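Asks: One structure follows; several queries about it will come next.
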Amino acid sequence: MDKLEKRWNVTTGQAIIILVVFACTGTTVLLLKEPVLSLFGPEEARSWIFTLLYYIFILPIYNVILLIYGFLFGQFRFFWEFEKRTFRRMFKPKE
């Protein structure tokens, strides 16, 4: 826990809340998977391509859910900065 506190520059209480937010977000995304995929047809009719498309399209949804939970748990600023860093790393041109 000390390592996370130093890395994120937060208190112990904030670190716990941040971990809870990540857990809630992951659980929500997991619970959304089957209903979302069922829109594309029954499980037997789906190929691997549907799962691949789900993972591609769930990324922006995951980020929005993360910000919502961050707001609800009072850690919006942390998660907003986290999102900005993540997207900068993803889309930063290689030098």
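Read the figures in this text as sums done on the coordinates, not as results from a lab. Just so it is clear, the model here is predicted, and its values are computed rather than measured. Using ideal geometry, Cβ is built from the backbone for each residue, glycine included, and neighbour counts are taken over all protein chains shown.
Asks: Test Gly70 against the criterion of being small (Gly, Ala, Ser) and in contact (Cβ under 8 Å) with a residue 12 or more places away in the chain, and give yes or no.
Replies: Yes; evaluated as a whole, the condition is true for this residue.
Residue-wise test of (1) exposed (fewer than 14 other Cβ atoms within 10 Å of the Cβ); (2) closer than 25 Å to Leu31 by Cα; (3) over 14 Å from the mean Cα position of the chain (by Cα); (4) among the β-branched types (Val, Ile, Thr).
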residue: Tyr55; (1), (2), (3), (4): yes, yes, no, no
residue: Pro60; (1), (2), (3), (4): yes, yes, no, no
residue: Ile65; (1), (2), (3), (4): no, yes, no, yes
residue: Leu72; (1), (2), (3), (4): yes, yes, yes, no
residue: Phe78; (1), (2), (3), (4): no, yes, no, no
residue: Phe82; (1), (2), (3), (4): no, yes, no, no
residue: Arg89; (1), (2), (3), (4): yes, no, yes, no
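Asks: Further, regarding this structure: With the requirement that a residue be in contact with a helix residue (DSSP H, G or I) (Cβ under 7 Å, 6 or more places away or on another chain) and of a type in the set (A, V, I, L, M, F, W, C), what does region 13-33 give you?
Replies: Result: Ala15, Ile18, Val21, Cys24, Val29.
Asks: Right, next: Looking at region 73-95, which of its residues are in a loop (DSSP other than H, G, I, E, B) and closer than 19 Å to Leu4 by Cβ?
Replies: Across region 73-95, the qualifying residues are Phe73, Gly74, Gln75.
Asks: So how many residues does region 67-95 have that are closer than 16 Å to Ala15 by Cβ and in contact with an Asp or Glu (Cβ under 7 Å, 6 or more places away or on another chain)?
Replies: Selection size over region 67-95: 0.
Asks: What helices (runs of 4 or more DSSP H) completely inside region 2-72 contain at least 3 residues that are of a type in the set (D, E, K, R)?
Replies: Per the criteria, 2-8.
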